[in-house]
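Since the structure comes first, as structure tokens, the remarks are kept for the end.
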Amino acid sequence: MMKLSILVPFICAVGCTTSADTRTPVAELNQGINMLDTADASWGVSAAFREGDHAVYLEQRVGALKPQAYRDEAPNEPANEIDMRFVDENGKTFFVQRGGDAYVDTTWAQEITDSLAHPAVDADRIRDFGLAQKAAGAFAKVATTAELAPFAFHAAQFAARPIPTQDPILTAKVAGIEASRPTETAYGNYGFGGSWFFEGDLYDKGTSCVFWYCPAKHSSVALFAYQTTWQLAVIACNHGTCAGNSKMSYECYSQSGAWTTNANLSFESNGSTAIGGGCLTSYSWNSGGYNHLCNDDSAYELWQVKNGSSGGGTLDTNGDGYNFVYNGPGTGGDGSWVNYACTCAYNNSCNNDWSRPICP
Amino acid sequence: MKKTLAIVASLAIAAAVIIVVVVRKKDGPHHHHDAKTGAVEAVGIDQTDTAVSMMAMLNAPDQATPCLTAFAAIEAEGAAMKLHNGKSMFKWVAPKDAFVAACEQLPAAQQQCMAPRYRRDHAEDCQKNRPMPEALKPMYVGEPIPEANPAKP
């Protein structure tokens, strides 16, 4: 019996895997791309890229099927919402792209928040982003089978865009961000990972287009966390094409304005430090009930970047995070412009939220 | 006897573990599927007016020319919206003869972009090769599109 009680847990342990389990130690990786786990394309993929004595890990997970309308409109894009992230050699996530409202692998959310608590040395993080770009390009080159094509698509999109320290949109803002740094959060003068400055960039594209007429817009937000360099990027695809895709145009940005400590990258929440999440109510194009669509997600994400939560003083709320309502340019509820909310019933049907939001 | 049984049982379990390990090595790790990857989470979108309009137009059959294909797509959109009891994305559409005649005044490359599937598959080229609004007015008028105010509040 004693032998059985020892062996049963052992058998169970053999049968279960986590993301961390599939990350081969750096020393055991080959130089260049390593396809660690590509056996089950309905689940996702894991890969690693080694250059010298350093490596990054690429992980993708398959989520819900996109609506038929999105699949018809963009047949070259993956049929499913896909989450993608890069993890450094210490297990810290420094880039994540979320296909829908929540992460497919629910363990990612906490791991991403944990990454903010223990940021990397600047030079290491800049190197990681560079390695990630090489990893994505190499992955896209070797992932040539039909089964791996959806993963190659997102990797190729990542490889084609600049890393944060070389992105002209971001580098142009560093001086202004540094100038806003309070003296008490100066270099080496902070605890618990220090203070963070958040930037949210809004990207959009016309959708449902025929002829030269696009009756609606899809929007996506790229959130960047800055400390003394860009440490973490979170792309919220909001169910459709992701920010950074060549078809998406940069429109405007929102910034946290203040430096935030103990930041928590969550979803719908009215916590004062919850940043970056999307709406978790049902998703619907006609967001006239207790539901939302991509532009409501974008509005929510941008307001969280600005205020640290949806419940800031400039928003009408019903006392919880997801019932936020944005009522127009004056933010005084004048109703003169398009409306956004995660629960649109509280906002008189959220009329016209199929246009992109502004950046608060 | 009991000792022999215990040894046999232990050996059997050990053999089972070895088989599991070997099979797993061969098949790769077993993954926990967190998502319903075959189901549409955002299913409401396919039932909306804009989505019904677009899908009807994209799935309309090709005709002899891009301009005829464009008009057939508009007819398909109208029929789909009647069935759906929804609102068309077009405020006004010219009668077929006038629509096709105006369409055929466009340069050949722009005529191609009038066919919805061609326009979808060549979106960048078609966007660059946009006709003047006056050339499109005799064919159709879309419902107004609300634009975001670029100014910060």
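The values are calculated or read from the model by the stated rules, or taken from the named source; none is laboratory data. Being a predicted model, the structure only gives us computed values, none of them experimental. Neighbour counts run over all protein chains shown; Cβ positions are idealised from the backbone, glycine included.
Restricting B:138, B:131 to residues that are in contact (Cβ under 8 Å) with a residue 40 or more places away in the chain and part of a loop (DSSP other than H, G, I, E, B) narrows the list to B:138. Against the list (1) modelled with pLDDT under 90; (2) aliphatic (A, V, I, L, M); (3) surrounded by fewer than 18 Cβ atoms within 10 Å (Cβ to Cβ), the condition residue B:35 fails is (3). Scanning for something within 21 Å of the chain's Cα centre (by Cα) and farther than 30 Å from residue B:49 by Cα, does the range A:69-85 turn up at least one residue? Within the range A:69-85, one or more residues are within 21 Å of the chain's Cα centre (by Cα) and farther than 30 Å from residue B:49 by Cα.
Here residue A:113 meets the list (1) touching a Leu at 6+ places or on another chain (Cβ under 6 Å); (2) in a loop (DSSP other than H, G, I, E, B) almost entirely, failing just condition (2). Evaluate the following for residue A:60: is it more than 30 Å from residue B:50 (Cα to Cα) and either acidic (Asp, Glu) or under 14 Å from the mean Cα position of the chain (by Cα) (or both)? Answer is yes for this residue. Among the residues making up the range A:89-108, a single one is surrounded by 22 or more Cβ atoms within 10 Å (Cβ to Cβ), among the aromatic types (Phe, Trp, Tyr) and modelled with pLDDT under 95: A:103.
Return yes when residue B:128 is in contact with a strand residue (DSSP E or B) (Cβ under 9 Å, 6 or more places away or on another chain), modelled with pLDDT under 95 and more than 9 Å from chain A (Cβ to nearest Cβ) and no when it is not.
Judged against the criteria, residue B:128 is not a match.
Matching residues to (1) in a helix (DSSP H, G or I); (2) within 19 Å of residue A:69 (Cα to Cα); (3) in contact with a Lys or Arg (Cβ under 7 Å, 6 or more places away or on another chain); (4) of a type in the set (Val, Ile, Thr):
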{"site": "B:54", "(1), (2), (3), (4)": "yes, yes, no, no"}
{"site": "B:57", "(1), (2), (3), (4)": "yes, yes, no, no"}
{"site": "B:61", "(1), (2), (3), (4)": "no, yes, no, no"}
{"site": "B:73", "(1), (2), (3), (4)": "yes, yes, no, no"}
{"site": "B:105", "(1), (2), (3), (4)": "no, no, no, no"}
{"site": "B:112", "(1), (2), (3), (4)": "yes, no, no, no"}
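Selection over the range B:64-97 of residues that are more than 20 Å from residue B:118 (Cα to Cα) and of a type in the set (Asp, Glu) gives a count of 1.
Condition check for residue A:224 on (1) in a strand (DSSP E or B); (2) farther than 24 Å from residue A:91 by Cβ: one failure, at (2). Scanning the range A:168-221 for residues being of a type in the set (Val, Ile, Thr), touching an Asp or Glu at 6+ places or on another chain (Cβ under 6 Å) and modelled with pLDDT under 90 gives a total of 0. Going through the range B:80-102 one residue at a time, which ones are surrounded by 12 or more Cβ atoms within 10 Å (Cβ to Cβ), within 15 Å of residue A:213 (Cα to Cα) and of a type outside the set (A, V, I, L, M)? The answer is B:88, B:90.
Is one or more of the residues making up the range B:82-90 part of a loop (DSSP other than H, G, I, E, B), more than 10 Å from every other protein chain (Cβ to nearest Cβ) and either modelled with pLDDT of 95 or more or out of contact with any Ser or Thr (no Cβ under 7 Å at 6 or more places or on another chain) (or both)? Looking for residues that are part of a loop (DSSP other than H, G, I, E, B), more than 10 Å from every other protein chain (Cβ to nearest Cβ) and either modelled with pLDDT of 95 or more or out of contact with any Ser or Thr (no Cβ under 7 Å at 6 or more places or on another chain) (or both), one finds at least one in the range B:82-90, hence yes. Taking the criterion of being touching a Cys at 6+ places or on another chain (Cβ under 9 Å), assigned to a strand (DSSP E or B) and either at pLDDT 90 or above or buried (at least 24 other Cβ atoms within 10 Å of the Cβ) (or both), the residues of the range A:227-251 that qualify are A:235, A:236.
The condition of being over 22 Å from the mean Cα position of the chain (by Cα) and buried (at least 20 other Cβ atoms within 10 Å of the Cβ) holds for only one of B:57, B:139, that being B:139. Restricting attention to the range A:27-61, the residues that are part of a loop (DSSP other than H, G, I, E, B) and within 12 Å of chain B (Cβ to nearest Cβ) add up to 6.
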